[in-house]
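Q: This is the structure I have questions about; it appears just below.
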Amino acid sequence: MSAVITGYELQKNESLVVERFYDELISVDRKSLLTAETYKTAVKELLTWCLFKQTDYRTLTIQDLLYYLVARKTGYDGRSGADELTLAKDISALRSFGAYLVRTGVWSENTALLLQRPRAKRRLPRVLAVEEVDKLLSVIDTSSPLGLRDRALFELVYSSGLRIGEVSALELQNLHLDERLLWVRGKGDKERMVPFGDEAVVHLRNWLEKGRGELVKNAAVPWLFVNYRGKKLSRKGIWKRFQELEALSGVNAKVHTLRHSFATHLLAGGADLRSVQELLGHADLSTTQIYTHIDDEALHGCHRDFFPSHGSQAAER
């Protein structure tokens, strides 16, 4: 471990370094906003540890970085330990941060490149049974504009397998209601066309005809889903609303669980893996293959119950 440092001045300097690193991730490295935020958070965690250990990040050695990762895994200063997946993301962030420090002359070489990422254990995704999906969606009170929005939003997430960031970013021009198609911009700014079913059509029409106008008033707002002030509905806003529905329904899930359920039901209904990969926007087929490890018999049961009530067009396309 190296030099003892002063707290306030180092914190001030580190905050500036983190912000500049974040800006360069977006402007120079062309990272997505989500990746840049993840890396920024990981680097903040490293600098917090540096303060805890009274160590200057500018003189970190490979031993220091290894000590840090051990502390991340086991927990320190009241913080809980991190799993393998989080550590793997941390190491990717540290490598990128190291490259930035080399470019800016802080490090002479990127020490973080010596770190090897652990193999994260791939867990089977949580998938909702049909009854759980129906129970979750049924607690939404559609007597208000916000209720109409929520039903249309979560029905669309389920019907199209969207990520939370993708549904937040949807604009009116991305929706082709008559054709039952969405134009989606996913990870890495990759675009794809995604179909959705009859049930989603019904609730989207209700939202557009009876709810959205009351929130946006006469303003020209491009976003498909808006908040109570008529502004863009954020990822955090979607997440918070879903938590409320989870509590009301008693169904243990996350927004992403609807995406997992979408993929699982499609495969259970006979959709081929490559098609599901395209619908989900996965760059690698191996990412999609995790859904094939779930029991086939249970999946077929879910599919038989599911598609009559939510429309089978997504499986057929």
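Q: Using the reciprocal of the averaged 1/r over all distinct C-alpha pairs, how large is the Kirkwood radius of the range 7-114 in Å? Mind dumping the intermediate values first?
A: Values: mean 1/r = 0.0713 Å⁻¹.
It is 14.0 Å.
Q: Further, regarding this structure: How about Lys210: which lysines have a C-alpha closer than 28 Å to its C-alpha, ignoring those fewer than 8 places off in the same chain?
A: Partners found: Lys135, Lys231, Lys232, Lys236, Lys240, Lys254.
Q: For the range 7-114, compute the number of Lys pairs whose alpha carbons are separated by less than 23 Å, excluding pairs fewer than 8 positions apart on the same chain.
A: Count of close lysine pairs: 15.
Q: I'd like the Karplus ³J(HN,Hα) series for the range 235-249: coefficients 6.51, -1.76, 1.60, θ = phi - 60°, whole numbers in Hz, and an x wherever there's a Gly or Pro.
A: So the Karplus estimates, Gly and Pro as x, are 4, 5, x, 5, 4, 5, 5, 5, 4, 5, 5, 4, 5, 5, 8 Hz.
Q: Additional query: Note down the nm distance, to one decimal, between modelled labels 7 Å out along Cα→Cβ at Asp189 and at Ile62.
A: Computed distance between label sites Asp189 and Ile62 equals 3.6 nm.
Q: May I pose another question? For a protection proxy built on the mean count of beta-carbon atoms within 10 angstrom, sort 127-135, 23-31 highest first, please.
A: Values: 127-135: 18.7, 23-31: 14.4.
Packing order, densest peptide first, comes out as 127-135, 23-31.
Q: Using amide H atoms built 1.01 Å from N in the peptide plane, name the residues 5+ places from Glu171, or on other chains, whose amide H lies under 5 Å from its own.
A: Residues meeting the criterion, in which the H sits 1.01 Å from N, are Leu224.
Q: Assign unit charges at the C-beta atoms only (+1 for Lys and Arg, -1 for Asp and Glu), then state the dipole size of the range 144-271 relative to its Cα centre in Debye, rounded to the nearest 20. Walk me through the numbers on the way to the answer.
A: Working: 21 positive and 14 negative charges, 118 e Å.
Dipole size: approximately 560 debye.
Q: Taking θ as phi - 60°, what are the ³J(HN,Hα) couplings along the range 176-193 by the Karplus curve (6.51, -1.76, 1.60), each to the nearest whole Hz, with x for Gly and Pro?
A: Residue by residue, the range 176-193 yields 10, 5, 5, 7, 6, 9, 10, 9, 10, 9, x, 4, x, 6, 7, 9, 8, 9 Hz.
Q: Kindly write out, for the range 261-275 in residue order, the coupling ³J(HN,Hα) from the Karplus curve 6.51 cos²θ - 1.76 cosθ + 1.60 (θ = phi - 60°), rounded to whole Hz, with x marking Gly and Pro.
A: So the Karplus estimates, Gly and Pro as x, are 5, 4, 5, 5, 5, 5, 5, 5, x, x, 5, 7, 4, 5, 5 Hz.
Q: Once R0 is set to 30 Å, what does the formula 1/(1 + (r/R0)^6) return for the Cβ-Cβ distance between Lys210 and Ile26, expressed as a FRET efficiency to the nearest 0.05? Walk me through the intermediate numbers first.
A: Working: r = 39 Å, r/R0 = 1.28.
It comes to 0.20.
Q: Semi-axes of the equivalent ellipsoid of the range 60-135: what are they in whole Å, largest first, if each equals the square root of 5 times a C-alpha gyration tensor eigenvalue? Numbers along the way, then the final one.
A: Details: eigenvalues 239, 48, 23 Å².
Ellipsoid half-lengths, sorted descending, are 35, 15, 11 Å.
Values in this text are rule-based calculations from the coordinates and carry no lab data. Small disclaimer: the values here were computed from a predicted structure and weren't measured. Quick reminder, even Gly has a Cβ in these numbers, built from the backbone with ideal geometry, and neighbours come from all protein chains shown.
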